[in-house]
Amino acid sequence: MLKVDATLQEESRIVAEAWKILDKAFVDKTFNGNDWTEVRKKYVRTNYKNTAEAYAAIREMTGLLGDRFTRFLTPAQYETLSNMYTSETPQAGVGVEMALDPESNQIKIVSVVPSSPAEKVGVKKGDLSSRSMTCLSGGSTPDDAASLLRGEDGSTVNIKLESKGKTRELVLTREILKATSVSSKLVPSPESNRSRRAESLSCPSRASSQVLSEAKALRTQGAKALLLDLRGNLGGYFPAGVDLAKVKIDVPVLALTSTQNGALAEVSLAVLVDHNTASAAEVLTAALQDNKRAGVIGEQTYGKGLVQTIARLQDGSALVITVAKYRTPLGQDINKVSLLWFPLDR
């Protein structure tokens, strides 16, 4: 358990606790070239007028680390994030998944749930949050946006979006949405005039057992090839992506050729990716690629080779901290570097 000097004022104790957690957990022990002891002296010895000033100091301190994934959460933000995974009461939302667009520093819609409130009013993949909307302006995080978009079932929320240089304001009515971890369908193979069919399987990498179940079921329906669709998949539960990558991964096969072992290994396999394929989804893609289990087609992936955890502070606030890096099976560091891929137009 981390101990903090009891003689410090309450606000300074919060900052000191945050410093200690970062000191112990942050993956880069050079702290982005900062003298971390001097950082403590500067921020912990400051007299803060209120909690808001202390929180601002923690944000500055995490900013020194130069890692966009390490960030501070207020108690309200932490509670919202925690409730996503622990609440027994379903939360109402609008049906979008978001990420921070690196070029514009705006929040970008990366996927829209079919038949959701967002789809019904015309929200599209690729839409950006409008800079004129204070709550979703540049500098806000996807977590901030997510907390604002959630609320009571049947309540409404106003948002402004930008697309192709035009801004539009929309009113969305929140609904309780049933999450679908894995979806699949059989599609005709054009080369054989529908005599063969390929399996299109869309999956967040946190749902490994469901992916295998869908693959086995669709094989019995005549699927001859498997297309694993990870477009817009920002990651999820890291161990699940690793678990799925381990399935018959020791069988050396070339991409798009038949093999003889297991639900995934018995069919030709390719992975479909885009620039929003990230984190655990990239781990899965890299494992299948490096072990010659699948070909990768689509767009360049996001390039996130970092792993985060959440540490709660005593006052209810929290830190999201990068605690580890990972490499592909062949030793490639993919952080800020996209995976190898074959464009769709080849």
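The values are calculated or read from the model by the stated rules, or taken from the named source; none is laboratory data. Predicted model, so just to flag it, every value in this text is computed and none were measured. Note that we place each Cβ from the backbone using ideal geometry, even for glycine, and neighbour counts take in every protein chain shown.
Six or more apart or on different chains, Cβ atoms under 6 Å: show the pairs whose first residue is in segment 296-325 and over 20 Å from Phe31 (Cα atoms) and whose second is at pLDDT below 95 and charged (D, E, K, R).
The qualifying pairs are Gly298/Asp274; Glu299/Asp274; Thr301/Glu282; Gly303/Lys336.
Considering only residues that are part of a loop (DSSP other than H, G, I, E, B), surrounded by fewer than 14 Cβ atoms within 10 Å (Cβ to Cβ) and among the polar types (S, T, N, Q), which ones fall in segment 15-48?
Thr30, Asn47
Those residues that are more than 27 Å from Phe69 (Cα to Cα) and assigned to a loop (DSSP other than H, G, I, E, B), I need them from segment 142-169; list them, please.
Glu152, Asp153, Gly154, Ser155, Lys164, Gly165 - these are the residues of segment 142-169 that are more than 27 Å from Phe69 (Cα to Cα) and assigned to a loop (DSSP other than H, G, I, E, B).
Name the residues in segment 307-329 that are part of a loop (DSSP other than H, G, I, E, B) and closer than 14 Å to Glu282 by Cβ, would you?
Hits for segment 307-329 are Tyr326, Thr328, Pro329.
Sort out which residues of segment 93-115 are in a strand (DSSP E or B) and of a type in the set (S, T, N, Q), and write them in order of number.
Ser111
Assess whether Leu81 counts as being modelled with pLDDT under 95 and crowded, with 20+ Cβ neighbours inside 10 Å.
no
Among the residues of segment 291-306, write down those that are out of contact with any helix residue (DSSP H, G or I) (no Cβ under 6 Å at 6 or more places or on another chain) and either in a strand (DSSP E or B) or under 30 Å from Arg71 (Cα atoms) (or both).
Of everything in segment 291-306, those that are out of contact with any helix residue (DSSP H, G or I) (no Cβ under 6 Å at 6 or more places or on another chain) and either in a strand (DSSP E or B) or under 30 Å from Arg71 (Cα atoms) (or both) turn out to be Gly295, Ile297, Gly298, Glu299, Gln300, Tyr302, Gly303, Lys304, Gly305, Leu306.
Note down all Cβ pairs under 7 Å where the first residue falls in segment 200-222 and is among the β-branched types (Val, Ile, Thr), the second is at pLDDT 60 or above and part of a loop (DSSP other than H, G, I, E, B), and they're at least six residues apart or on different chains.
Close Cβ pairs satisfying both conditions: Val211/Val182.
Tell me whether segment 126-141 contains one or more residues that are assigned to a strand (DSSP E or B) and at pLDDT 85 or above.
yes
Does segment 170-196 hold any residues that are at pLDDT 90 or above and of a type in the set (Asp, Glu), and which are they?
Scanning segment 170-196 gives a single hit, Glu175.
Answer yes or no: is there a residue in segment 217-233 that is surrounded by fewer than 18 Cβ atoms within 10 Å (Cβ to Cβ) and either acidic (Asp, Glu) or modelled with pLDDT under 70 (or both).
no
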